[in-house]
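Asker: This is the structure, below, for whatever I ask next.
The values are calculated or read from the model by the stated rules, or taken from the named source; none is laboratory data. Given the structure is predicted, the values throughout are model-derived calculations rather than measurements. FYI the Cβ positions are ideal-geometry reconstructions off the backbone, even for glycines, and counts take in every protein chain you see.
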Amino acid sequence: MRNASWLVFAGVLIACGGPSGSSDGSLDGSSNAGDSASDVRSSDDAALPLDARDDATTPIDATNPIDASDASAPQDTGTPSDAAMGACAPTGRWGMATETFTLPGPNAQGELYVPDVQARFSTVNWATLQRLYIPAGRYTLINLGNLPRRTPDRPLVITNTGGQVVIRPNPGSTQGYLWAVSGGSNWVITGRYDPVSRTGDSAFRGHDCDDYANSRGRYGILSDDIFLNGGHMGIGVSNATSFELDFLEITRSGFAGVRINNTTAGMTPMPLENVRLHDLYIHDTKSEGFYFGWTGAPPSALAERTQVYNNRVIRTGTETTQLQNLGDGSEVHHNVFAWGAIDWRAAFGNFQDNGTQLQFRRGSVFVHHNVVMGGAGTLGNYFFSTEPGDTARAVRIEDNYFADTLSLGLYFGGTTTAEGTLALRRNFFRGMDFGYAQLNPTATDPGVVIRFAGTLAGAITLADNTWEGSRRITDGITGGAGTRGSLTATGNTNGAVTPVSFVRSGYPAAPTRRLEMWTDRATLAPGMPAMMYAVGALVMHNGEMYECTAANTNARPDMSPAAWRRLPTPIDDVRLAPSSPYAMRGIGLQPVR
């Protein structure tokens, strides 16, 4: 067990997360937006990078280093040479485009408000249109509704043209949402530069060519909510199915980065299947990174063949990813979900401090080769549920790196049936150091890495996992092998687990759980005590990182230079270093394709 004296956390475990459906971004859109378009910016002047990001590569002041004595700190290995950079993404992904339409640019209020694109632009052939272009520029709000239903072999690709599209509200705005998309099927929203397919812009390529270190603020489409509203989503998608989100940057969302939901309480849910979420850079959100599916009472839309891969979801207030209602053919793989639940002291409600949350409905679901770092209540809060018509379930969780929780590693709850199976194989667990004592002084160390609760009738396999620390792997199993009811453990090892190492995250050499979201008051603690930060504390505020330099302060970092030192903005090149044993196993981000 490593020294965890710096931890002063606490809480209560096990509950579903997420707000009610009523908090989703509204699409009723009371707007007076007209049809007038502002001047379209070219790629030379359309770049609207996040404020104060120019120092992102400035080295940390070595005269005031941050203690790196805890080996749980994720390590950086420096900027790779050009030879180490990956190949650029193949072109022609969506074929050549000959039939295109360009939407009007932002109106005088900065809005692009088209809640029914088919009615508004009735002369467009929505059955055959290949590209729907959003002109480069600064938008305060985008609403694109009633998108067409297309077939998989003829998708509608929606992308930026002429430079970068930035969706960012004005400070003090009272608008109800930021970016809302609804309706249709087999469409794609992408900021990917592809000269053959005529998407994106050459000056805004994001992490193409594996240039993660220079990707911040340089995606073709950037959603930045500036933490304007606690109900805002970076992008909200509703009443749509079989769609794709690709090469977008989403930051400073007032609630979730990506919100997807086809269920309304008391109504028959619309289909939700074949959704592909990949190559997204979601960071510094007030709550979840991904908030997918329905958390209310059934019935809910079954999300079959959901694909979530190659995403960076970093520094989220609550869960990095919350995926509900997963069905057959769903896969979550090769993502980096890091620095989750950093708003554990003052999240919007109790039990919202998990690293990840997944709900499994039916069929085959595969979660593999992910990096999951940072949780308070649990690293993984996982549930089984069954609705009428659901068939047998086979869930596999394999080859993942789980690290740095303040209480439980993984929790499994809900109800399984005898024909359902769950297998956890070749996963790594590190940083299971209990420190969850302030929000609930009666909380105790769970004593295990994985806890199974609820009614688990199907076969459970724990095989070839490795965990460190003095905890048992699960209740009723001593050592790495044994049986308890329908659970069989074989080949598991209690021993040292190497910390993950990134290419260039920009995060100081400090424990993952040391980073918090700044708050002046611990609103979830008994008595709601005022926060008093110690020298060396690390916090995020307004998407920037600060180190405390004055003892016992709760001053706001951006207004208190005498008490807080602003650190360079994290670079977030969280590819695993080539020398990392996990990279050699294929864990983490993969080359762009």
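Asker: Of all residues in region 281-301 being farther than 21 Å from I571 by Cβ and hydrophobic (A, V, I, L, M, F, W, C), which is surrounded by the fewest Cβ atoms within 10 Å (Cβ to Cβ)?
Answerer: Selected residue: A297.
Asker: Residue check, T306 against (1) modelled with pLDDT under 95; (2) in contact with a Leu (Cβ under 7 Å, 6 or more places away or on another chain), all met but one. Which one?
Answerer: Among (1) modelled with pLDDT under 95; (2) in contact with a Leu (Cβ under 7 Å, 6 or more places away or on another chain), the lone unmet condition for T306 is (1).
Asker: Here's a follow-up. Residues being in a loop (DSSP other than H, G, I, E, B) and either in contact with a strand residue (DSSP E or B) (Cβ under 6 Å, 6 or more places away or on another chain) or closer than 18 Å to Y193 by Cβ (or both): count how many of those fall in region 210-239. Please lay out each step first, then the result.
Answerer: Of region 210-239, the ones in a loop (DSSP other than H, G, I, E, B) are 211, 215-220, 225-234, 239.
Within this subset, residues satisfying the condition of being either in contact with a strand residue (DSSP E or B) (Cβ under 6 Å, 6 or more places away or on another chain) or closer than 18 Å to Y193 by Cβ (or both) are 211, 215-220, 233-234, 239.
Looking only at that region, the number is 10.
Asker: Residues of region 251-280 being surrounded by fewer than 23 Cβ atoms within 10 Å (Cβ to Cβ), part of a strand (DSSP E or B) and touching a Phe, Trp or Tyr at 6+ places or on another chain (Cβ under 9 Å), which ones?
Answerer: R276, H278
Asker: Touching a Phe, Trp or Tyr at 6+ places or on another chain (Cβ under 9 Å), in contact (Cβ under 8 Å) with a residue 24 or more places away in the chain and surrounded by fewer than 15 Cβ atoms within 10 Å (Cβ to Cβ): does that describe G495?
Answerer: Against the criterion (touching a Phe, Trp or Tyr at 6+ places or on another chain (Cβ under 9 Å), in contact (Cβ under 8 Å) with a residue 24 or more places away in the chain and surrounded by fewer than 15 Cβ atoms within 10 Å (Cβ to Cβ)), G495 qualifies.
Asker: Within region 579-591, restricting attention to residues that are more than 18 Å from the chain's Cα centre (by Cα) and either in a loop (DSSP other than H, G, I, E, B) or free of Cβ contacts under 8 Å to residues at least 40 places away in the same chain (or both), which residue is surrounded by the most Cβ atoms within 10 Å (Cβ to Cβ)? Walk me through how you get there before you give the answer.
Answerer: First pass over region 579-591, keeping only residues more than 18 Å from the chain's Cα centre (by Cα): 579-586, 591.
This time we only want the ones that are either in a loop (DSSP other than H, G, I, E, B) or free of Cβ contacts under 8 Å to residues at least 40 places away in the same chain (or both), so: 579-580, 583-586, 591.
Values: S579: 9, S580: 21, A583: 18, M584: 10, R585: 14, G586: 13, P591: 13.
Applying the filter and picking the extreme gives S580.
Asker: Something else now. From T478, T523, grab the single residue that is among the polar types (S, T, N, Q) and either modelled with pLDDT of 95 or more or surrounded by 15 or more Cβ atoms within 10 Å (Cβ to Cβ) (or both). Spell out how you get there, then give the answer.
Answerer: Working: T478 fails: either modelled with pLDDT of 95 or more or surrounded by 15 or more Cβ atoms within 10 Å (Cβ to Cβ) (or both).
Exactly one of T478, T523 is among the polar types (S, T, N, Q) and either modelled with pLDDT of 95 or more or surrounded by 15 or more Cβ atoms within 10 Å (Cβ to Cβ) (or both), namely T523.
Asker: Would you check if there is a residue in region 152-172 being in a loop (DSSP other than H, G, I, E, B), hydrophobic (A, V, I, L, M, F, W, C), crowded, with 23+ Cβ neighbours inside 10 Å and at negative phi?
Answerer: Initial filter on region 152-172 (in a loop (DSSP other than H, G, I, E, B)): 152-155, 168-172.
Remaining after also requiring hydrophobic (A, V, I, L, M, F, W, C): none.
Looking for residues that are in a loop (DSSP other than H, G, I, E, B), hydrophobic (A, V, I, L, M, F, W, C), crowded, with 23+ Cβ neighbours inside 10 Å and at negative phi, one finds none in region 152-172, hence no.
Asker: Does G95 meet the test of being on the phi > 0 side of the Ramachandran plot, more than 26 Å from the chain's Cα centre (by Cα) and touching a residue at least 60 places away in the same chain (Cβ under 8 Å)?
Answerer: Yes, satisfied.
Asker: Within region 443-466, take every residue that is of a type outside the set (G, A, S) and farther than 19 Å from Y382 by Cα and give me the one that is surrounded by the most Cβ atoms within 10 Å (Cβ to Cβ). Talk me through it step by step, then tell me what you get.
Answerer: So the first thing to find is which residues in region 443-466 are of a type outside the set (G, A, S), and the list is 444-446, 448-452, 455-456, 460-462, 464-466.
Keeping just the survivors that are farther than 19 Å from Y382 by Cα gives 444-445, 464, 466.
Numbers: T444: 11, D445: 15, D464: 16, T466: 19.
Checking each candidate, the answer is T466.
Asker: Let me ask something additional. Can you pull out the residues in region 108-149 that are under 31 Å from the mean Cα position of the chain (by Cα) and part of a loop (DSSP other than H, G, I, E, B)? Let's see the steps before the verdict.
Answerer: Going through region 108-149, the residues under 31 Å from the mean Cα position of the chain (by Cα) turn out to be 109-117, 130-149.
The answer is Q109, G110, P115, D116, Q130, T140, G145, N146, L147, P148.
Asker: Out of curiosity, is A87 aliphatic (A, V, I, L, M) and over 24 Å from S185 (Cα atoms)?
Answerer: Against the criterion (aliphatic (A, V, I, L, M) and over 24 Å from S185 (Cα atoms)), A87 qualifies.
Asker: May I ask you to list the residues in region 548-578 that are of a type outside the set (A, V, I, L, M) and either within 30 Å of T91 (Cα to Cα) or within 24 Å of the chain's Cα centre (by Cα) (or both)? Before the answer, list the steps.
Answerer: Filtering region 548-578 down to residues of a type outside the set (A, V, I, L, M) leaves 548-549, 552-554, 556-558, 560-561, 564-566, 568-570, 572-573, 575, 578.
Residues satisfying the conditions are P568, T569, P570, D572, D573, R575, P578.
Asker: If you check S223, S202, which single one turns out to be surrounded by fewer than 23 Cβ atoms within 10 Å (Cβ to Cβ) and either modelled with pLDDT of 95 or more or within 23 Å of A240 (Cβ to Cβ) (or both)?
Answerer: S202
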